[in-house]
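Enquirer: Can you keep this structure in mind? I'll have questions shortly.
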Amino acid sequence: MNNQDLKNLLKIYEQKRNNAEMECENKINNFYNNNPNLSAIVEQINLTSITISKEILQNHNNTVIELNKKLDILKEKKKKILEKMNIDDSFFSPNYECKLCNDTGYLINNNNIMCTCLKQKLMDLLYNKSNIYNLEKENFSNFNDSLYSDKIDEKKYNSIISPRENINNIKKIANNFIENFDNPDEKNLLFTGNTGLGKTFLSNCIANQIIKNGKTALYQTAPIMLDSIIDYRFGKTDNFVYENILSVDLLIIDDLGTESINNLKFTELFNIINTRLLNQNNKITKTIISTNLSLNNLFNTYDERIFSRLAGYYNICRFYGDDIRIKSTY
Ligand SMILES: [Zn+2]
């Protein structure tokens, strides 16, 4: 991992945190300015607390008891007023963007563990892929099944259902995949079919939803992924890339079959697919692979070990129809 990237991100986090805290302070100040009665009570609470501390230091126990009684009454008064106004404690705390880490980048209850929000940002930076997670464009609400023909053409598509019905079936499978992501029995996804049928779009829709659900996702094309692993093996890069390929919650391997193949890459590819199936350390990892190759071509290109993993542990979705890129912008 690039330390400078982490430092820069942590600076942005600090800024974010400061903004949230300042905003909160302003909000509270405004609130008390508009509610002078309450403001007076809070001031009394503060003064009483200070006096109590002083009296404790001087061992004036009876006074302390009296003052504590007074403090309780004041607090009760404050509580009642706030309840009447329908205001709870959360009003007085900053509205951090990430509730898991309060925008510190590390978990609230264990600050040795990096929060998924920071991990995801590091990965986006590392692969310069932040625009792949374009939440506004690539999400299910922009999924338009009318781009797929509703005409059945068994000869042309080698299927008895129309491309539209087919894509809606695949969408259902994708939704189930998201919903059951943490279920070890839920299969991974293999998207096959020609380019321009929405495989990458659908993968990104899924990734966006998975990230929204607080998990990490990493998008890689097969050629770049395998090259970067070989680079790591030869000591040209550190292990951040490789570790994340193995451990990220959702890995998307796009364009499988477009890489130049050799035995070294076969082994690495098998290792990735197999390791991610093992759900090591009780951590569920899932993978989406998409390829322009047909199943037959996949079988001919990759050895039996890889193919048997794909056939056994992947839900195979065949995309067919006419190139939708001509009809849409994605
Ligand atoms: Zn976080």
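The values are calculated or read from the model by the stated rules, or taken from the named source; none is laboratory data. Just so you know, these numbers come straight off a predicted model, no measurement behind them. Methodologically, a virtual Cβ is constructed for each residue, glycine included, from the backbone with ideal geometry; neighbour enumeration extends over all protein chains shown. Note: accessible area is taken over every heavy atom of the protein model, side chains too, but ligands, DNA and RNA are not part of it. Shrake-Rupley method; radii C 1.70, N 1.55, O 1.52, S 1.80 Å.
Enquirer: Report yes if some residue within the range 203-210 is in a helix (DSSP H, G or I), more than 23 Å from Arg325 (Cβ to Cβ) and open to solvent by 10 Å² or more (accessible area, probe 1.4 Å); otherwise report no.
Expert: For the range 203-210, residues in a helix (DSSP H, G or I), more than 23 Å from Arg325 (Cβ to Cβ) and open to solvent by 10 Å² or more (accessible area, probe 1.4 Å): absent.
Enquirer: Does Ser294 satisfy the condition of being open to solvent by 30 Å² or more (accessible area, probe 1.4 Å), small (Gly, Ala, Ser) and in the same structural domain as Gly214 (by TED's automatic domain parsing)?
Expert: Answer is yes for this residue.
Enquirer: Which pairs turn up if I take residues in the range 62-79 that are at negative phi and look for partners that are open to solvent by 60 Å² or more (accessible area, probe 1.4 Å) and of a type outside the set (Ser, Thr, Tyr) with beta carbon separation below 8 Å, at least 6 apart in sequence or on another chain?
Expert: The qualifying pairs are Val64/Ile56; Leu74/Gln44.
Enquirer: Do we find that Gln120 is touching a residue at least 12 places away in the same chain (Cβ under 8 Å), of a type in the set (S, T, N, Q), outside any loop (DSSP other than H, G, I, E, B) and not assigned by TED's automatic domain parsing to the domain that holds Lys7 in this structure? Before the answer, list the steps.
Expert: Working: touching a residue at least 12 places away in the same chain (Cβ under 8 Å): yes; of a type in the set (S, T, N, Q): yes; outside any loop (DSSP other than H, G, I, E, B): yes; not assigned by TED's automatic domain parsing to the domain that holds Lys7: yes.
The answer is yes for Gln120.
Enquirer: Then there's this: Report yes if Asp323 is open to solvent by 40 Å² or more (accessible area, probe 1.4 Å), out of contact with any helix residue (DSSP H, G or I) (no Cβ under 9 Å at 6 or more places or on another chain), in contact (Cβ under 8 Å) with a residue 12 or more places away in the chain and not hydrophobic (A, V, I, L, M, F, W, C), otherwise no.
Expert: For Asp323, the condition - open to solvent by 40 Å² or more (accessible area, probe 1.4 Å), out of contact with any helix residue (DSSP H, G or I) (no Cβ under 9 Å at 6 or more places or on another chain), in contact (Cβ under 8 Å) with a residue 12 or more places away in the chain and not hydrophobic (A, V, I, L, M, F, W, C) - is met.
Enquirer: In the set Asn102, Asn19, Asn111, Asn86, which member is in a helix (DSSP H, G or I) and either within 16 Å of the ligand (Cβ to nearest atom) or open to solvent by 80 Å² or more (accessible area, probe 1.4 Å) (or both)?
Expert: Among Asn102, Asn19, Asn111, Asn86, only Asn19 is in a helix (DSSP H, G or I) and either within 16 Å of the ligand (Cβ to nearest atom) or open to solvent by 80 Å² or more (accessible area, probe 1.4 Å) (or both).
Enquirer: Sort out which residues of the range 43-83 are in a loop (DSSP other than H, G, I, E, B) and surrounded by 14 or more Cβ atoms within 10 Å (Cβ to Cβ), and write them in order of number.
Expert: If the condition is that a residue be in a loop (DSSP other than H, G, I, E, B) and surrounded by 14 or more Cβ atoms within 10 Å (Cβ to Cβ), then His60 is the only one that fits.
Enquirer: Please tell me if Asn33 is more than 16 Å from the ligand (Cβ to nearest atom) and open to solvent by 50 Å² or more (accessible area, probe 1.4 Å).
Expert: Numbers: more than 16 Å from the ligand (Cβ to nearest atom): yes; open to solvent by 50 Å² or more (accessible area, probe 1.4 Å): yes.
Yes, satisfied.
Let's see how each residue does on (1) touching a Phe, Trp or Tyr at 6+ places or on another chain (Cβ under 8 Å); (2) in contact (Cβ under 8 Å) with a residue 12 or more places away in the chain; (3) farther than 25 Å from Thr287 by Cβ:
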| position | (1), (2), (3) |
| --- | --- |
| Phe140 | no, yes, no |
| Leu147 | no, yes, yes |
| Asn158 | yes, yes, yes |
| Phe177 | no, yes, no |
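Enquirer: Picking from Phe181, Phe143, Phe177, which residue would you name as being in the same structural domain as Gln209 (by TED's automatic domain parsing), of a type in the set (Phe, Trp, Tyr) and either modelled with pLDDT under 90 or within 16 Å of the ligand (Cβ to nearest atom) (or both)?
Expert: On the way: Phe181 fails: either modelled with pLDDT under 90 or within 16 Å of the ligand (Cβ to nearest atom) (or both); Phe177 fails: either modelled with pLDDT under 90 or within 16 Å of the ligand (Cβ to nearest atom) (or both).
Just one listed residue meets the conditions, Phe143.
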